[in-house]
Amino acid sequence: MRCSSGHAFDIARQGYVSLLRGGRNPIHGDDAAMIAAREELFARGPYRLVEQAIAGIAARVARSRPDPVIVDLGAGIGNYLAAALEKAPASHGIGIDVSKPAARRLARAHPRAGAIIADVWSGLPLASECADVAMTVFAPRNAVETARILRPGGTWLIATPAARHLAELARIDGVLGIDERKGERLAATLGDRFVEQEIHEVRATVDVTPEEASLVLAMGPTARHLDPQQRARAVESAFEAAAATTHLPLTLSVDIAEYRLAAPPAR
């Protein structure tokens with residue numbers, strides 16, 4: 001693959017291309033165990049409601065635009081991007097993640113999606129005004145770069161956990177909770193580059209097995225703080241607190257913020 005400046009980049013045999021810039025402190029993202037846990041959990045279905053809600057909004061916007069391109073920033077295994085592409089058959093997608101294990105799965109997520117390893121904080125390796133929809137699902141947000149890659153009138157979907165998301169697990173010692181000031185931080189990040197259109201709320205309770213509850217902890221940031229034995233004890237404590245045996249009622253509470261790229265100021 002070559003860029004407009006003539007630089008060549010190899011496409012890995014797994015199908016992704018690495019455009020990660022070098023540095024003293026390289027960022028590796030989620031490791032192979034976290035990615036494997038995420039892939040297994042999503043295959044089991046507890047997060048399907050969230051996945052379909054995000055995909056539906058992205059596809060609705062994409063279908064209203066000619067030759068739409070959807071970019072998933074922090075795409076992980078590519079499940080959200082793939083679901084959106086399925087709902088918008090004329091669209092093409094690009095998934096970006098800093099994790100090599102994630103990129104390997106992302107590359108095979110959908111035939112109309114490309115996979116790139118890159119760090120959203122180092123500048124997105126995408127042309128300006130190349131995308132109609134950007135998605136950031138439980139991932140870092142770079143408002144300046146996202147505004148740059150969106151076409152005029154483009155949409156940015158930002159999915160964040162709401163107050164009671166995974167509450168039954170979050171109350172256990174060692175499990176990371178929700179930042180109560182996330183709304184303030186998000187608003188400060190966006191500045192005047194984007195205009196809020198709507199906040200879509202996903203609220204549901206799903207029954208998960210002990211294995212699925214363990215996967216929830218293993219796929220997210222808690223995995224960096226609790227080892228497998230500690231996660232097993234946390235799951236056991238959650239089941240005991242809920243007086244549950246085979247299935248734990250688990251709260252899904254996610255906000256999907258829909259933003260429109262602000263028009264440039266009049267000259």
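Taking every pair of alpha-carbon atoms in segment 190-266, give the share separated by more than 21 Å as a whole percent. Before the final figure, lay out each step's value.
Values: 1450 of 2926 pairs.
Result for the distance tail: 50 percent.
Calculate how many DSSP beta bridges within segment 135-265 are antiparallel, expressed in % of all such bridges and rounded to the nearest 5.
Taking every DSSP beta bridge within segment 135-265, about 90 percent pair in antiparallel fashion.
Filter the DSSP H helices in the chain by two things, a Kyte-Doolittle mean of at least 0.0 and an axial alpha-carbon span of 27 angstrom or more, and list the hits by number.
Details: long enough: none.
Helices meeting the criterion: none.
Could you tell me the calculated FRET efficiency between K87 and T189, based on Cβ-Cβ distance and R0 = 30 angstrom, to the nearest 0.05? Please list the in-between numbers first.
Working: r = 28 Å, r/R0 = 0.92.
In this case the efficiency is close to 0.60.
If we count every other residue with Cβ under 12 angstrom of A107's Cβ, Lys/Arg +1 and Asp/Glu -1, where does the sum land? Walk me through the numbers on the way to the answer.
Values: positive: R13, K100, R104, R105, R108; negative: D97.
Neighbour charge sum, excluding A107 itself: +4.
Is it possible to state the helix-based mean residue ellipticity at 222 nm for the chain, with each DSSP H run of 4+ residues giving -39500 (n - 2.57), the sum divided by total residues, to the nearest 500 deg cm²/dmol? What is it?
Details: 9 runs with 89 residues, N = 267.
Roughly -9500 deg cm²/dmol at 222 nm, from the helical runs in the chain.
Hey, of [x] 21.5; [y] 19.3; [z] 18.3, which did the structure itself give for Kirkwood radius over Cα pairs in Å when calculated?
Answer label, from the structure shown: [y].
Projecting each Cα onto the charge dipole of the chain (Lys/Arg +1, Asp/Glu -1 at the beta carbon, about the Cα centre), which of A55, S128, S91 comes out farthest on the positive side?
Of the candidates, S128 comes out farthest on the positive side.
Got the relative contact order for segment 67-110 handy, in percent, Cα pairs under 8 Å and 6 or more residues apart? Don't skip to the end; give the middle numbers.
Values: 70 pairs, mean separation 21.2, N = 44.
In percent, rounded to a whole number, it is 48.
Taken together, the values in this text are just the output of simple stated rules run on the coordinates, not laboratory data. This one's a predicted model, so the numbers in the text were calculated from it and none came from an experiment. A quick note on method: Cβ atoms are made from the backbone with ideal geometry, for glycine too, and the neighbour counts reach across all protein chains shown.
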